[in-house]
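Scroll down for the structure; my scribbles are underneath it.
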């Protein structure tokens, strides 16, 4: 007998392009564009680890049209239990001349490549297919899987069907094929059930693969009724603002396709409890179309900072960042400050919280004998000492134990660690952690580790932000996925403007137009950028991406050669959230 039979394939099938099944989550894939492979297996039992596949049947469909069918028996090389033969009609004699699993499985995987897998009780079929791949050395492609049982439980009521078995659902949806425990026939019946279920969810606003895969009938009708808020929104990159009936901003989000993303909030694709609460309060959605994805990310940050929406957990208070500075006085010390003053000293940060800044300060104090008191000390008179002087953890300038020149050398080492190379402090703290570990003082060692991590994160941030903040203007470009170029103008670390040049057009006139129309940005107080630190970091991340080209840079854009970025930030699990 032939190894495999492929039935009903149209003559033009070979010329059909293989659909992509890796869309961006925000864009979604319309269901009529999705290629489904509906599969059914017959087996010798219910345990994938012990039992064998006896038959594979599959139907490939797209847009309601059958593109092809696949069917093969599989030589199990073990006796088929009598009860299974009675149920399926498949006997040892029937599979004796069939291909073994090692030959049958690759043929099915090729048939299903690039498609969404559908099965009735998918856990059973997919479990056997995964086990088969493991036993034969094949690679399971891990496709998107849709389970018709799961959908039926949410869409088919008890008065329509006493259960959700394939035979019962086939009657509900008036399938032209009756399931009979043969793989191809059952797959054909599952196709009819799938189309019936898709028809039902379509009436509930589910039109994309992502919505279908996440669909649950537990979505409240109150939320479904609000899907009209997405009507008329642009399907373009940008920012969207959910507002209540008083016009207050509840939530700010960003997407590469605003309308598609907003629609997902009214389906089971959105499973966050807080978002369900937000949608119940929302009465309108305001879109802001952006020229580039970077502009959308930056606008989102600015809008969150401006409106403080109650349902945005992240970045609600970016303006509360703090810095660590060396004070300007005869005997400088480390101080946590809310803003950069423009004095000629070293700044570390910014930090997202005072606790993180305090950890970084403690790391430096662990390594260098800088004074920690806040009193003003004169080089011409003595002051009462603190306990740290007695412990030898302070150079004690209050006692006159050190000259301003020698103390300045300690300050210079701290400034070098902040602005350039923190290697000295890293080495000292590494030795301290090793010593504590040898004494089995693991909690103390973890505290030192966390402090070192805070210091390095602050130093890395400062050494990345400050150089870009110092540049009056930087213009960069990246090829757009839809053709042309994404153009970005950055001034003193702030996004001053962005635009696109069309496919095939000379981008330079668009660059000049962008520069002429970009925001005029006031020179910030160094080393702080002219934007929120999170905005400048997003810009730096974009500039680091492959394919970004610098078109124009006013001045020099450099970072320390032996800077903090070359060092590994330790795992600060106990305080990493800070």
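Hey, among 268, 236, 291, which residue is surrounded by 15 or more Cβ atoms within 10 Å (Cβ to Cβ), in a loop (DSSP other than H, G, I, E, B) and at pLDDT below 85?
268
Tell me the helices (runs of 4 or more DSSP H) entirely within region 80-178 that contain at least 3 residues that are within 26 Å of residue 31 (Cβ to Cβ) and touching a strand residue (DSSP E or B) at 6+ places or on another chain (Cβ under 7 Å).
Because the criterion is at least 3 residues that are within 26 Å of residue 31 (Cβ to Cβ) and touching a strand residue (DSSP E or B) at 6+ places or on another chain (Cβ under 7 Å), the helices (runs of 4 or more DSSP H) in region 80-178 that meet it are 101-112, 122-136.
Could we say that residue 458 is buried (at least 18 other Cβ atoms within 10 Å of the Cβ), within 24 Å of residue 336 (Cα to Cα) and in contact with a strand residue (DSSP E or B) (Cβ under 6 Å, 6 or more places away or on another chain) here?
yes
Does residue 184 meet the test of being buried (at least 16 other Cβ atoms within 10 Å of the Cβ), free of Cβ contacts under 8 Å to residues at least 60 places away in the same chain, in the same structural domain as residue 37 (by TED's automatic domain parsing) and within 27 Å of residue 87 (Cα to Cα)? Reasoning before the result, please.
On the way: buried (at least 16 other Cβ atoms within 10 Å of the Cβ): yes; free of Cβ contacts under 8 Å to residues at least 60 places away in the same chain: no; in the same structural domain as residue 37 (by TED's automatic domain parsing): yes; within 27 Å of residue 87 (Cα to Cα): yes.
When the stated conditions are applied, residue 184 does not pass them.
Since residue 144 meets every condition but one in (1) more than 20 Å from residue 36 (Cα to Cα); (2) touching a residue at least 24 places away in the same chain (Cβ under 8 Å), which condition does it not meet?
That leaves (1) as the condition not met.
For region 36-50, enumerate the residues that are more than 35 Å from the chain's Cα centre (by Cα) and in contact (Cβ under 8 Å) with a residue 40 or more places away in the chain. So that I can check it myself, show each step before the final result.
Quick first cut of region 36-50, residues more than 35 Å from the chain's Cα centre (by Cα) only: 41-47, 50.
Listed by number, the residues that qualify are 41, 42, 43, 44, 46.
Picking from 321, 305, 346, 356, which residue would you name as being closer than 23 Å to residue 242 by Cβ, in contact with a helix residue (DSSP H, G or I) (Cβ under 7 Å, 6 or more places away or on another chain) and in contact (Cβ under 8 Å) with a residue 60 or more places away in the chain?
Values: 321 fails: closer than 23 Å to residue 242 by Cβ; 346 fails: closer than 23 Å to residue 242 by Cβ; 356 fails: closer than 23 Å to residue 242 by Cβ.
Exactly one residue qualifies, and that residue is 305.
Of all helices (runs of 4 or more DSSP H) completely enclosed by region 391-492, which ones contain at least 1 residues that are touching a residue at least 24 places away in the same chain (Cβ under 8 Å) and farther than 18 Å from residue 326 by Cβ?
Ranges flagged: 423-438, 442-469.
Residues to consider are 13, 76, 91, 29; find the one that is under 39 Å from the mean Cα position of the chain (by Cα), modelled with pLDDT under 95 and farther than 24 Å from residue 149 by Cβ.
It is 13.
I need the full set of residues from region 296-311 which are out of contact with any strand residue (DSSP E or B) (no Cβ under 7 Å at 6 or more places or on another chain), farther than 11 Å from residue 538 by Cα and assigned to a helix (DSSP H, G or I), in order please.
Answer for region 296-311, where residues must be out of contact with any strand residue (DSSP E or B) (no Cβ under 7 Å at 6 or more places or on another chain), farther than 11 Å from residue 538 by Cα and assigned to a helix (DSSP H, G or I): 302, 305, 306.
Check whether at least one residue in region 500-508 is more than 23 Å from residue 321 (Cα to Cα), in a strand (DSSP E or B) and touching a helix residue (DSSP H, G or I) at 6+ places or on another chain (Cβ under 6 Å), and report yes or no. Break it down stepwise before answering.
Of the residues in region 500-508, the ones more than 23 Å from residue 321 (Cα to Cα) are 500-508.
Within this subset, residues satisfying the condition of being in a strand (DSSP E or B) are 500-501.
Still in the running and touching a helix residue (DSSP H, G or I) at 6+ places or on another chain (Cβ under 6 Å): 501.
Checked region 500-508: at least one residue is more than 23 Å from residue 321 (Cα to Cα), in a strand (DSSP E or B) and touching a helix residue (DSSP H, G or I) at 6+ places or on another chain (Cβ under 6 Å).
The values are calculated or read from the model by the stated rules, or taken from the named source; none is laboratory data. Note that the structure is a prediction, hence the values are computed from the model and not measured. Here Cβ is always computed from backbone atoms with ideal geometry, including for glycine, and neighbour counts include all displayed protein chains.
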